Structure formats: C-alpha cells, structure tokens
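Report on the structure given below.
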Ligand code: MG
C-alpha cells in the first residue's frame, strides 16, 4: 500500500534485489498513475489498485496499452479488500496518514504479516491495532528506521527488562535555528532534510518534530513501554538509529548508514538477515557522534505528542488529524511554521474527549478534529 511513495519505491528496490525470494501480488497507490503503470510493467502484479477513483479510466487505458493482464481496481475500499487476498503473505503499509488505518485493520484481521511504515495508524488507533494483532496472531514488524533499530536491539531480550528506550532524531533542517528564524521559514526550506530522503508530508513532520512525537507514540504501542520511559535524543548524524537501555544499565543500539532499504529489508526477511550491497556507514570518516536534548520551546509538537498520549483515549487521533490539516496548509503556504503547533494545540483543547474510543469513534473524531482545525487558522 503506497507503492509509488518513498517507502513503496524503496520496498520495490528490495524486491528487485531478491527476485527468488520476493514477488509482488498487488500494487496500491493513491493517484500516481504513471509510476504505478511503470511498476506494473516491471513487477507483473495480479492486482493494481488506485485509491482515487477519478484516476481509474486513465490508469486502465495506460495498463491496457502495455498489455497488463491482471485486475484493475479503484477506490479506497478496494485497497481494504485487496490486502485480504489469500496469496498475500506480507502487507507493506506505506500509505500516508490516516488513510492507512482502515486497510491496515483489514490486513490484520486477514492474518497478514504487517510491515508497518505508516506510523499514523498506531498514533490514531494504537490500542485497537494492538488488540487486533494479538487476537488474529498477526505480527507487526516496524519499517520506521528508529523502531527497526529498537526491534533489532530487542532480539534475544525480554521486553520486561527494558528500562528506557532511547529514540534518536536528526533534529531536521531547523535544529540550530532561533525561534525568530523559525517564524519565517517556508515549506521549501523544510523540505531540505539533511540526512533522509522522504515524502513531503513526513519531511515537514520531521522539520517540526511532530514525526518524532508520533514515533514516541508508535514505540509505546509496538514495544509496550509507557511514554515516560521513551527518551528522545537529537543525534544530527543519523547513524545511531535508536537504542534500548536495559535494567542492568546496558545499552544496545543499531547503527548504520541512513538508508531506508535496510529497515524495509529487515522487516521482510526477519528473523533472517540478507546479504546486501547497500552503502555501509564508515565510522572512521564520521569521526564523532553527538547527542543533544530536544528543545521543547522551539519544537512544541514534541511536547504536544507526549501530552496527547498522557491524556490518552482519542487525543492522539485529534493530534494526528489537526497535524494533517496544519501540515498541508504549511506546504501550501497557508500557514506559518510555528503556527502549525498553535493550530494543533487549540484543536486538542476544543475536541470532545473520549476515554475508550471504538473504531467508529476514531472515524468521527478524525472528521471533527479536521473541522475544528480548519477554524483555528
Ligand atoms: Mg523514523
């Protein structure tokens, strides 16, 4: 899911590298027709699926022109259906934002192993997702680089012996900016990420540190650790991808070059490691690895994410919905960089609190929080 995005295309890089091991059953994208056709031509899936129904005719015409013989489906409901098909073993959940929630739930119910890149799914409805995964014996393997690092550090360990999770953050392009400078930065400035090459939405989330806030919540659900035990460290070199501190004081970390193909591949091959020729991190040329405490005054989104988790219930869902509205507005030049946090905070204070939300409550909360956020500009 999300095959034409940054994680999707890198997943296909991994598939391409191991043709004897992996094949593609279905490709699902939002609306990038040309890329999707190109991928279908190379990987011969049995189903190609496009979320935006307005793209269907054009997609069908292009696929017929390359003599594509599989099924062509359209609409977000068809993505929730395709992921349940019997031939599929693993679903790579790499859609952007809230849209990933429903199809991921359906894939879990169908017992598919989930390689999870779409962190918003856990931010919005972590409790439901984890309960379903246990109920249906569905493994959820992290693709997010930090969570993959934590997961790798936990191999052979007992979860009850975790003292602290050390979640690293690059700090993004504005790590050293003053508040005054941050007032006037544009989306173009924020899209220049120092280490990682990612999609536009997550790159803005990374610059505002909302991405790290989401990752704290994601780590809480994936590893069953309360957020008070998750410490964010700003580590500008992005070599230590995260670490775990155990009850005896030992710290285990996973290090490597900043390249998403490694965590993607590990999620697909776990518990095996596959030989790869991806670039290696050269510790000699790196020289020093540094760690700083995050500055919550300049990056209030991180504090808002902790606050949303502390309040629990539907609050992380409100946080996510308001952030999706603010993030898009910033990318479209309709709001300032720091204004994003103000919009999210106001929305969190206005939204009705639901302590134990059902799936339907999350859907209603998402709609309502988006409406509230729109009025907070
Ligand atoms: Mg990450």
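Quote the Stokes-Einstein diffusion coefficient, in whole µm² s⁻¹, for segment 227-299, based on the Kirkwood radius over alpha carbon pairs, a temperature of 10 °C and a viscosity of 1.306 mPa s.
Value of D from the Cα-based Kirkwood radius: 109 µm²/s.
Please arrange 114, 354 by counting, for each residue, the other beta carbons lying within 10 Å of its beta carbon, fewest first.
Ranking 114, 354 by Cβ neighbours within 10 Å, fewest first, gives 354, 114.
With an 8 Å cut-off on Cα pairs and a minimum separation of 6 or more residues, tell me the relative contact order of the chain in percent.
Here the relative contact order equals 15 percent.
Taking the Cα atoms of segment 221-262, report the difference between the largest and smallest coordinate on each principal axis, in whole Å and largest first.
Rounded to whole Å, the extents work out to 28, 23, 19 Å.
Based on Cα coordinates alone, diagonalise the gyration tensor for segment 6-142, multiply each eigenvalue by 5, take square roots, and list the semi-axes in whole Å, largest first.
Rounded to whole Å, the semi-axes are 25, 16, 13.
Within the chain, what percent of beta bridges assigned by DSSP are antiparallel, to the nearest 5?
35
So if I take the alpha carbon set of segment 118-169, get Rg, then get Rh from the Kirkwood formula, what is the Rg over Rh ratio?
That ratio is 0.98, to two decimals.
Over all directions, average the projected area of the Cα convex hull of segment 258-377 and note it in nm².
11.5
I need the Kirkwood Rh of the chain: take the reciprocal of the average 1/r across all distinct C-alpha pairs and report it in angstrom.
21.2
Mind checking the full-extension length gain between residue 77 and residue 60? Use 0.36 nm per residue of separation minus the Cα-Cα distance, one decimal, nm.
Length difference between fully extended and current span is 4.3 nm.
Using the alpha carbon gyration tensor of segment 166-287, what are the three equivalent-ellipsoid semi-axes (square root of 5 times each eigenvalue), largest first, in whole Å?
After diagonalising the Cα gyration tensor, the semi-axes are 26, 20, 15 Å.
With no solvent and one point per C-alpha, what does the Debye sum give as log10 I(q)/I(0) for segment 312-377 at q = 0.12, 0.26, 0.29 Å⁻¹?
The Cα Debye sum returns log10 ratios of -0.26, -1.01, -1.20.
Ordered by packing density, taken as the mean number of other Cβ atoms within 10 Å over each peptide's residues, highest first, how do 145-158, 34-47, 355-368 rank?
Ranking, from highest mean packing down: 145-158, 34-47, 355-368.
Could you tell me how far the Cα centroid of segment 221-235 sits from the Cα centroid of segment 313-374, in Å?
22
Express the relative contact order of segment 312-377 as a whole percentage, based on alpha carbon pairs under 8 Å and six or more residues apart in sequence.
50
Since every read-out is calculated from the coordinates, none of them should be taken as a lab result. As the structure is a computational prediction, the values presented were derived from the model and not from experiment. A quick note on method: Cβ atoms are made from the backbone with ideal geometry, for glycine too, and the neighbour counts reach across all protein chains shown.
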